Every structure is written in structure tokens, then in C-alpha cells.
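Report on one structure; see the data block that follows.
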Amino acid sequence: MGCFAWIPKLKPRLRRGKMLLHSSARPTAWEQCPHCKELFGDVYDKRIQLSAVLESSTRCARCWALGHIIGHVTDLASASTVLVGSIWHDNTLEIGVIGPGDTFETAPGYKIYDISDRFKGERRRLDPILGLPIAPKATHVNFRPIGATPEERFGLAKDWLSECVTSHETCNQDDAQYVLPRRLLDISDSDHVRLINTLHQELHPRTAYVALSYCWGKQGNLCTITTNLKQHTAGIPMLSLPSTIRDAVIACKHLGQRYLWVDALCIIQDNLHDKMAQIPQMADIYSGALLVLSAAGSSGSLEGCPLGPLEMQPSPPKLIELDYPLQSNDTEELAGYRVNVVVEQMEHERCRSLPGHWARETFDQDPTDALNVIEERGWTFQERFLAKRSLYIGKGEMSWTCATEVQCECRKPSPSIMTEAGDRVFTRRYGINHMSVNRLFSEAELSKTYSYLWTEIITTYSARLLTQFGDRVAALEGIAVALQRKWPEIYKKDEYFFGCWLSLLPDLLLWHASGEPVSEHISPDLFPSWSWPSCGRPITFMSWMWYGVNPKLWVELLDFEVKPPPPGAVFGQGGGTVTLRGPLIPVKREVVVYDGGFEEVEYVPIDTQLSFMAGGASMDHDDQGPNGDGVSHLALVGSYPFKLQEKSKMLSCAFLCVAPVEGRQEVFRRVGLAIGPRTKQAFLGHDLQRLLTPHIMNYKLV
Ligand SMILES: [Zn+2]
Ligand SMILES: [Zn+2]
Ligand SMILES: [Zn+2]
């Protein structure tokens, strides 16, 4: 398809008298056309039938051009195809083509723009004849065709690697001596991989190895266990490796590497001692690796991570030459009116926020898209964060990130890896999800408080899924170790418990839960109730950290006791008691019924002088009993300006909702977080101390 056979080829009837083409007196047809006007309008998500555009193409030059362009990317004959689009801020027309079998969410989107030389030096936004947007900057020139063979494709990745190792200053300034992993896979044989013990082999401490980051999936992963350790040391046939690991071995061979670290094979999985000893080693294993290889498009060990097949690859932009078809009432000047138009497959916003460019994207991406599975998993978060450099094998293409560069196969290095604002990809805009510890260490771009940095990490990490809820602290250990090493004065090794730094504790107490559970089986009791890991849902923290507001903190940490973990507990689990001093306000629970029957629970201070503090709360767990959650007190943690942007004397307060632990005096567990007061008249700051003094006491949270 793609040719307009039914457009009547009108023989141009040339007229003598010339008419000025750009004369403002005569509006061109497209300005009056009801069909394409909708597409080019300001209203987002305006849909029109492709057939309407085609029908109008004998009357409207823009509809004619559109039909011609769309014909290059879709079948014009399918009657139900709908177009949706609008002109974007870079003056390109973004158009979604919803064909039969597509939904708005899955439909491919295209960027269309005119790059004709004839408009050079002019400051036009639209082609005067065809009404198409003229792009000030052509982006299609940045496209690089994807290699046809694995050799070609991995050859490019190998270039990225050697470029980074030999000439990126930032990427090589970390000269820390990391401990080699205890075991590695030696992949130098052609049909076997051998598990080696790095101590026995007397490998040089700076031996280069690749660390694999991948999702295990529900089943089928091959693990080293006590009974097959000997066998794995003798050699594992390539053919018995699960396909994701086998593909990773092949990738490493292409990259010219000899050693690969894979958790399932290099840690003895049924040996708790071996496992517990290596979890704190993750910072060394991932930061010490030459490269972290990410099986980014694969959701399990049986799925493989082959190089993306052609149909998943980003498609090359198409250059289309349009010759305006002269019509009876056209002027001579239109003869030979020719423009060059580009149609490029579009990237969705979400795609731009990925490191590099993983694959072809649709017009409006579903956030749970399978392309990005690895970015949803808990364990893989630190693997990226700790990496010096990462190579992603995505469903469509390979991409690369290091502290200096972001690359993908289809993109020539160019300003296109910058955002519209011209930011480099690692800036704050992209958030902690795409921050690497290397970058963070080299520039400390997050010029915020240290507690903010940690809350950012937890906010992102806590939303990631875990097969074993008990790993909630363990899967973060590598990052904790890395921060201890970087800022030992702030992130103190002997003050880190249950995902919290004691010195930052008041801030870290103020978390609340939102969203869906991150694991199938959540057992809050594995961690202390005051610590965020006890909550099985994504965590966010009080907003004052985002705004850099300095709150008044009302609690003081008097003491901390940690209980030895029960036998068999996974790394990071256990019980811990904090003794705090601060206002502990007795409350009663009231159910407020609003118009329409909507009920809300409020906690109302028994001390009537504090009644302005009454309000609802966000509960940590869904399964509160019918008679409530047992909340007996609100523990005031901090107060801060009611209106963050103004210099107001009004205050808001952040409280923990606590319930007494039976049989223990002054011992409570946390069940929720309340932010208040909610009333219109927020509290005036200067009286608060006086009113709260009678309630200040010591209490324990478990
Ligand atoms: Zn039109
Ligand atoms: Zn680099
Ligand atoms: Zn790409």
C-alpha cells in the first residue's frame, strides 16, 4: 500500500495570469477543511476517521498529504482506522494510528514533520500549501540502522564498553578495591561453563567479570546447591543452562569476557550461611563488576534474553517526497511544488525516561508494559544503582548507561539523548530510578539533605515487587553499604537497622503507604512496626523533604535495642525497639458520617485544648478489625508551616497513630500516619509548646 491510486490525476490546466501564492487574501483549502483541522487542533486526543481524511483529499491539500504519509505506515484500506493527534511543542505533528485490533493504548504513534529546504531561513510554522508543521530541527538524522547480525550488534556494545573503560574520566575515577565475588562462572569453554572458587584459583583481585541482573521468574532457574556444587565445579553443559543465563553467557563471549557472576549459580542457594554472608557483598559484586549485564526484557530465567527481533526494533524514520498534485484551480507556481516530509515512530514519555531506548513504543504506554519488567523487581534496583556501567538487552534493542554516556543501538550519539530542557539523562528529572551510585558519588547532584536522598531511594525501591516479602531489607543492602562507604559520617554502619538510619530517624518515621501490595504474602511482623519495611505497600514520605522545609522535630531518640533475629530469619529481619521522648496525645476514635453515607474515622484528642488536632489518618495495613485499629494515642513527630510557600505562622503537624501493646507499659506499635490539623484554621505556632508540655513523655515503639 502507500500509493494513492484513486486520486484523480488532474491534468494541470495552466493559466496565464499569475497569482501570488502566499497572498493572504485567499485562504488555502486546508484552513477551511473540517477534517484535518481536528487533528491539528489544540485538543488532545481528538479522533477522526482515516476515511474522512482520504475522502477530503481531493479538496484539501493537507488531507491529501496526510493520506499519502499515513499510507507509508499503515494499510489505508482498513475502513475502521482512526487517527488521533495534535501538534507538539517541537512543532511536529504527533499522530496515533488506531488500526483494527489496536486500542488507543497499543496503537503506534508517529511524528510527522516537514524538512524542506525551501523554508530554510524562514520562520514559518506551517508549510503554506500543505499545512504541515515545519520542524526547526530534524531528528531523523540521529537514527542509526540496527545491525543485522549478532556480531555487528554486540560489536557496537563492545565499542561502548571499550570507549567507557579507556576514555571516560568519571567512569574510571572510582579506584576502590572491591572484594571479588567468592565464586564466578568461567565461560571460556565452548560447550561448558565452570563454577570456580576465586579464592582457590588465586585470581588477581582486579580480575574483570560481568555481573548479571535478571528476573528469576517463578520457576525453572538452575541453582547451585550443596549436592550439585561439585558437579557445577566440574562443568555445566551450555545446553542445561536456563535460556536467560545461556543468552547472557553468549553475550559475554561476544563482549570478549571470560568471567560471569550469576547469583543463582555463584551462591550456594540452600546454604543459609553462604547466602547471608554474600548479601552484604552485593555492593562489592555489582560495583566491582566491569559491567552489569541486564536481561532487561526478560521476565524469567526460562524466557531468554535474545537480541530483539526485527519486529520489536525501533523502525527507521521514513523520508517521503511529496509532489503537490495540481488541480484545476491551481496556479502555475504550484507546478513542481515538492516537499520532504519525515515520518518517525514516536516514543512515549515513559520510553524517554528509560535509560537509553529499549524498544519500539506505542502511542500511550501502559506502565506495566512487559518491556520493562526488570524495572519492577526489588532485587534489580540495587543492581543498577551499584553498577559502574550497564548494558541492557531489551526486547527491541540494546542500550547502555554509564556515568558519562547513555546510548542505544538506534540512536547516534547526539543531542537527542537530552531531554527537551537540555538536561542530561542523569539529572534529577529522571529521579533516583536512573541514578547510579557512581554518578551520585562523582557529582553529588542531589544537593539535598541526606535523609531526602534515602527517602528518595526508599520511595522508588519500596514500590518494586518481591517474590519473598522477607527480602524487603536484604535486597537493598548493597545500596546501604555503598552509602556507608561514601558518607561514613552520615550513614553510619552501626546505626543502620531495618532499612533505617538511626541518625535520620525522625524523618524516616514519617512514611505512609499507598497503592497495591508489592508481594503476594506479606508478613508485617518480620520487621518492627515503626520501620517502613513492615509495610507491604509502596512507601512515600512526608512532603517537607521535597520542599526542603525545615520542620520542628518534637521527638528525641533516647534509646534503641535490637533483638537477635530468630533462627532461620533472612538477612535484615528481626525486632527492634526505639525509645522516644515527645508529645504522646491520648485520643478517642470517632466515626464521622458525611452526606451520602461516606464514613471516616477521626482521632480526637481527649484534651479539649488540643481538639484542633483531630483528623483522619492513613493506615499502614488494610486488615484493621471492625472495631478499629486500637489507636490510643497520636505521637507528634514534627510540625511545619501550614502553607509551605508562604511565611505563615500556621502549623501543620505529623503524627504517628499508635496502639498499645498488650501487657507492656508505655510500649506501642505503629498502625498509621496522620497529618493535621485538617481544619481550615491551622494552628498558630507560638502556643503549641505550652499546650503540649503536659503530654511530653518517654515511650517505646516496637
Ligand atoms: Zn483537510
Ligand atoms: Zn563511561
Ligand atoms: Zn534506540
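The values are calculated or read from the model by the stated rules, or taken from the named source; none is laboratory data. No experiment lies behind these values; they were computed from the predicted model shown. FYI the Cβ positions are ideal-geometry reconstructions off the backbone, even for glycines, and counts take in every protein chain you see.
Set side by side, the residues Gly67, Gly99 differ, and just one is surrounded by fewer than 19 Cβ atoms within 10 Å (Cβ to Cβ), closer than 18 Å to Val343 by Cα, in contact with a Ser or Thr (Cβ under 6 Å, 6 or more places away or on another chain) and not aliphatic (A, V, I, L, M), which is Gly99. Exactly one residue among Gly147, Gly121 is closer than 30 Å to Val343 by Cβ and either more than 16 Å from ligand 3 (Cβ to nearest atom) or surrounded by fewer than 16 Cβ atoms within 10 Å (Cβ to Cβ) (or both), and that residue is Gly121.
Listed conditions (1) within 27 Å of Met276 (Cβ to Cβ); (2) basic (Lys, Arg); (3) at pLDDT 95 or above are all met by Arg581, apart from (1). Selection of region 137-154 for residues being over 19 Å from Val406 (Cβ atoms) and not in a loop (DSSP other than H, G, I, E, B) yields His140, Pro150, Glu151, Glu152.
For region 249-283, the candidate set comprises residues that are under 15 Å from Leu212 (Cβ atoms), in a helix (DSSP H, G or I) and aliphatic (A, V, I, L, M); within that set, the residue that is modelled with the lowest pLDDT is Met282. Lys230 fulfils the conditions (1) more than 16 Å from ligand 2 (Cβ to nearest atom); (2) surrounded by 15 or more Cβ atoms within 10 Å (Cβ to Cβ) except for a single criterion, (2). Inspection of region 53-60 identifies no residue that is touching a residue at least 40 places away in the same chain (Cβ under 8 Å), of a type in the set (S, T, N, Q), buried (at least 21 other Cβ atoms within 10 Å of the Cβ) and more than 16 Å from ligand 1 (Cβ to nearest atom).
All of (1) over 30 Å from Gln173 (Cβ atoms); (2) at pLDDT 90 or above hold for Pro551 with one exception: (2). Scanning region 492-541 for residues that are within 15 Å of Ser451 (Cα to Cα) and either among the β-branched types (Val, Ile, Thr) or outside the structural domain of Cys657 (by TED's automatic domain parsing) (or both) gives Ile539, Thr540. For Ser299, state whether it is assigned to a loop (DSSP other than H, G, I, E, B), of a type outside the set (Val, Ile, Thr) and without any contact (Cβ under 8 Å) to a residue 60 or more places away in the chain. No, not satisfied.
Residues in region 130-139 that are surrounded by 15 or more Cβ atoms within 10 Å (Cβ to Cβ) and at pLDDT below 85: Ala138, Thr139. Does Leu161 count as under 21 Å from Gly256 (Cα atoms), touching a residue at least 12 places away in the same chain (Cβ under 8 Å) and either aromatic (Phe, Trp, Tyr) or in contact with a strand residue (DSSP E or B) (Cβ under 8 Å, 6 or more places away or on another chain) (or both)? When the stated conditions are applied, Leu161 passes them.
Every residue, every condition in (1) assigned by TED's automatic domain parsing to the domain that holds Gly336; (2) surrounded by fewer than 13 Cβ atoms within 10 Å (Cβ to Cβ); (3) more than 16 Å from ligand 2 (Cβ to nearest atom), yes or no:
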{"position": "Asp159", "(1), (2), (3)": "no, yes, no"}
{"position": "Asn172", "(1), (2), (3)": "no, no, no"}
{"position": "Leu203", "(1), (2), (3)": "no, no, yes"}
{"position": "Thr224", "(1), (2), (3)": "no, no, yes"}
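Which numbered condition in (1) in a helix (DSSP H, G or I); (2) modelled with pLDDT under 90 is the only one that Leu229 fails? Leu229 satisfies all of (1) in a helix (DSSP H, G or I); (2) modelled with pLDDT under 90 except (2). Filtering region 200-227 to residues that are in contact (Cβ under 8 Å) with a residue 60 or more places away in the chain and within 30 Å of Glu520 (Cα to Cα) leaves Ala211, Leu212, Ser213, Tyr214, Cys215, Trp216, Gly217, Lys218, Gln219, Gly220, Asn221, Leu222.
On the basis of being within 29 Å of the chain's Cα centre (by Cα) and surrounded by 13 or more Cβ atoms within 10 Å (Cβ to Cβ), does Lys218 make the cut? Steps first, answer last, please.
Numbers: within 29 Å of the chain's Cα centre (by Cα): yes; surrounded by 13 or more Cβ atoms within 10 Å (Cβ to Cβ): no.
Judged against the criteria, Lys218 is not a match.
Can Trp261 be described as aromatic (Phe, Trp, Tyr) and surrounded by fewer than 21 Cβ atoms within 10 Å (Cβ to Cβ)?
Values: aromatic (Phe, Trp, Tyr): yes; surrounded by fewer than 21 Cβ atoms within 10 Å (Cβ to Cβ): no.
Considered against the rule, which asks whether it is aromatic (Phe, Trp, Tyr) and surrounded by fewer than 21 Cβ atoms within 10 Å (Cβ to Cβ), Trp261 comes out as no.
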